Amino acid sequence: MTANLPLPREPQDHDGGGLPTAARDRAWVTAIRAGDVAAFEAMYRAYKNSLGGYVQHLLGSREAAEEVIHDLFMKLWEQRELWEPPAALNTYLFRAARNRAFSYLRHQRVEARFRERITKDIDAGESWPAPSPTPDDTLRYRELEDAVERAIDRLPTRCREVFRLTRTQRLSYAEVAQVMQISVKTVEMQMGRALAALRRQLAEWRE
Amino acid sequence: MDPEIAAPQPIDPSLLARYLSGEADREERARVERWIAASAENRAIVDAMRALWDRPPSPEFDPDDVVWRRLKADITAARPGPAPLAVTADAPERRARPIRRTWPVAAALAALAVGASLAVRVKNSGWELSALGIRSPAREIATRRGERLTLRLADGTRVVLAPESRLRFTEVGDRRHPGAREVELDGEAMFTVTHDSIHPFRVHTANATAEDLGTEFVVTSYPETHGTRVVVASGKVELRHSVPGGTGLAAVTLQHGDLGLVSGERPVTVSSAHGVDVGPYTAWTNGALAFDGTPLREVIPVLRRWYDADIQLARPELAAMKLTATFHDESAAQAATLIAMSLGLQLGRRGGSMVLR
């Protein structure tokens, strides 16, 4: 049977300001280096959802993600006068967040528990907001969504990370390659794997 | 068998993934679209995949704002107190050239993208000394080679800072709380001062003080100036030699079209010339570099500073050649070429430098 799927959602625009993102980011770096707290807050607010969501995905815990994000921005502020992001601000922040998240993992030794927890969180509906009562069409869409989410979470770790960075955080392949320090070819290959897995999930669901 | 429900032809998953992610180039898009058009099943697969491929954005992270409140508290704890000084800066402008560096290390306002006009509010964050309980509201802004910066002080005075210059504010009140207005300058800047006869605006260089009497004037004190030069575009400026801990000795009052010079070498003299064409001295504030019968030995350091490009003379005799030219938006190489052409010289390269011979 087929579902009447609603139109795909519009991608979320993470840019909060009226300026093109690159100019806005450069302006923020300049101002923050000079000690401008308002710019620091603006930058934090523009990136907190995507960085926080990404770190939360890596660590499987909201509290851990809050701690990592806090430490990341605090360190950045403390060293602001020497702050020289080498490339685009967003890849810099994602890379820094990733590094911190992994060192947090090493420090906490929660890797094994992480995999377990992700499955538990999904089952408990903690990772995504619980669906509210909806008309039939949307309900079917949500069931599929949940199935897809489970399929994504069953992807191999790196494949899943690549997929989340491109499709949830909307980084380009080149940016993902920068953040994860892998080649673009690897990104393409991982995305192909993710697509094949989702196709299988879709086919199963439709039967 | 109905061809419409035959098994779908395979497509490379990586290619389809690139297509759905918006990473495919034109040729790839065409290939995928041919595959889509080949059967209804293919179309259905892509339509369904498209819906799933766009993942919803991350949900609101930390909706109670716990993280920011902690950050704000930690930041405020590290700072000495409210900023006594607010400076509004326009985007600093760079000459067109390939960007070789990224960001300056010193606490200075760096170049923003050319053409991005933006007001950046810079608040004083105090010095390290403040942690010891000594309040020092001094603030410093510096430009590097190739950078020019326009800023507005809290009292409304406008300052255009030339390249390789540093301005230090010791006291600048604002309109509601005026106080003494003193700045220190290394390098060159043009000041358009809001007049306040009770609170004069003073620019201190290493060996001189220029005091505004309601003016627009340029103060220059680079190493090669061998002292301090002041050119007044409008209004009145008092220029005097200054010694540390002492009052100025000789003083001269300058008006529109006057050039004052406090020599850097002994014996110290304070001299002035009248009827000077102010244009070449202020052209740089509008992005133009003007030379009027200027010997190359004086032109070269200016070009180095404005373009952050290394330009050299192959023979010492060339230093005396006089250049009359105005540059606006040319790159360093274009300017050097124009100089070569107008003086009948050759322009070459040696290592990373341009050489006039």
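The values are calculated or read from the model by the stated rules, or taken from the named source; none is laboratory data. Everything numeric in this text was worked out from a predicted model, so none of it was measured. When we count neighbours, we look across all protein chains shown, and the Cβ atoms used for this are built from the backbone with ideal geometry, even at glycine. Remember, those area values only see protein heavy atoms, side chains included, never the ligands or the DNA or RNA. Shrake-Rupley method; radii C 1.70, N 1.55, O 1.52, S 1.80 Å.
Mind checking whether some residue in segment B:329-347 is part of a strand (DSSP E or B) and touching a residue at least 24 places away in the same chain (Cβ under 8 Å)? Give the derivation first.
At the first step, the residues of segment B:329-347 found to be part of a strand (DSSP E or B) are B:347.
Okay, now just the ones that are also touching a residue at least 24 places away in the same chain (Cβ under 8 Å), so none.
Among the residues of segment B:329-347, not one is part of a strand (DSSP E or B) and touching a residue at least 24 places away in the same chain (Cβ under 8 Å), which makes the answer no.
So that you can scan it fast, the table gives a plain yes or no per residue for (1) out of contact with any His (no Cβ under 6 Å at 6 or more places or on another chain); (2) under 20 Å from residue B:56 (Cβ atoms); (3) basic (Lys, Arg); (4) free of Cβ contacts under 8 Å to residues at least 60 places away in the same chain:
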| residue | (1), (2), (3), (4) |
| --- | --- |
| A:30 | yes, no, no, yes |
| A:46 | yes, yes, no, yes |
| A:52 | yes, yes, no, yes |
| A:58 | yes, yes, no, no |
| A:68 | yes, no, no, yes |
| A:72 | yes, no, no, yes |
| A:80 | yes, no, yes, yes |
| A:89 | yes, no, no, no |
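Considering (1) among the aliphatic types (A, V, I, L, M); (2) more than 7 Å from chain B (Cβ to nearest Cβ); (3) in contact with a Leu (Cβ under 7 Å, 6 or more places away or on another chain), say which one residue A:72 fails and leave the rest.
Evaluating residue A:72 over (1) among the aliphatic types (A, V, I, L, M); (2) more than 7 Å from chain B (Cβ to nearest Cβ); (3) in contact with a Leu (Cβ under 7 Å, 6 or more places away or on another chain) leaves (3) as the failure.
Can you tell me which residues in segment B:314-343 are among the small types (Gly, Ala, Ser) and modelled with pLDDT of 85 or more?
Going through segment B:314-343, the residues among the small types (Gly, Ala, Ser) turn out to be B:314, B:319-320, B:325, B:331-333, B:335-336, B:340, B:342.
Across segment B:314-343, the qualifying residues are B:314, B:319, B:320, B:336, B:340.
Conditions (1) modelled with pLDDT of 90 or more; (2) assigned to a helix (DSSP H, G or I); (3) aromatic (Phe, Trp, Tyr), marked per residue:
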site	(1), (2), (3)
A:92	yes, yes, yes
A:95	yes, yes, no
A:115	no, yes, no
A:122	no, yes, no
A:129	no, no, no
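How many residues does segment A:158-180 hold that are facing chain B (nearest Cβ under 9 Å) and under 18 Å from residue A:100 (Cβ atoms)?
The total comes to 2.
One residue is enough: does segment B:314-330 have a residue meeting the conditions touching an Asp or Glu at 6+ places or on another chain (Cβ under 8 Å), more than 17 Å from residue B:295 (Cβ to Cβ) and loosely packed, with under 15 Cβ neighbours inside 10 Å? Walk me through how you get there before you give the answer.
Filtering segment B:314-330 down to residues touching an Asp or Glu at 6+ places or on another chain (Cβ under 8 Å) leaves B:324.
Add one more test, that the residue is more than 17 Å from residue B:295 (Cβ to Cβ), and what stays is none.
Taking every residue of segment B:314-330 in turn, none turns out to be touching an Asp or Glu at 6+ places or on another chain (Cβ under 8 Å), more than 17 Å from residue B:295 (Cβ to Cβ) and loosely packed, with under 15 Cβ neighbours inside 10 Å.
Residue-wise test of (1) surrounded by fewer than 22 Cβ atoms within 10 Å (Cβ to Cβ); (2) in contact with a Lys or Arg (Cβ under 8 Å, 6 or more places away or on another chain); (3) at pLDDT below 90.
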| site | (1), (2), (3) |
| --- | --- |
| A:6 | yes, no, yes |
| A:14 | yes, yes, yes |
| A:42 | yes, no, no |
| A:63 | yes, no, yes |
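Can you tell me how many residues in segment B:19-32 are more than 21 Å from residue A:167 (Cα to Cα) and surrounded by 13 or more Cβ atoms within 10 Å (Cβ to Cβ)?
Summing the residues that are more than 21 Å from residue A:167 (Cα to Cα) and surrounded by 13 or more Cβ atoms within 10 Å (Cβ to Cβ) in segment B:19-32 gives 1.
Do we have any residue at all in segment A:133-153 that's open to solvent by 10 Å² or more (accessible area, probe 1.4 Å), modelled with pLDDT of 95 or more, farther than 21 Å from residue A:60 by Cα and touching a Lys or Arg at 6+ places or on another chain (Cβ under 8 Å)?
no
Quick one: in segment B:45-81, which of the residues that are part of a helix (DSSP H, G or I), more than 18 Å from residue B:18 (Cβ to Cβ) and more than 8 Å from chain A (Cβ to nearest Cβ) is modelled with the lowest pLDDT?
Checking each candidate, the answer is B:77.
Filter segment A:47-56 down to residues that are facing chain B (nearest Cβ under 8 Å) and touching a helix residue (DSSP H, G or I) at 6+ places or on another chain (Cβ under 7 Å) and give me whichever is most open to solvent (accessible area, probe 1.4 Å). Show your work before the answer.
From segment A:47-56, those facing chain B (nearest Cβ under 8 Å) are A:48-54, A:56; that's our starting set.
Those left that are additionally touching a helix residue (DSSP H, G or I) at 6+ places or on another chain (Cβ under 7 Å): A:48, A:51-54, A:56.
Details: A:48: 10, A:51: 0, A:52: 0, A:53: 18, A:54: 2, A:56: 50 Å².
Checking each candidate, the answer is A:56.
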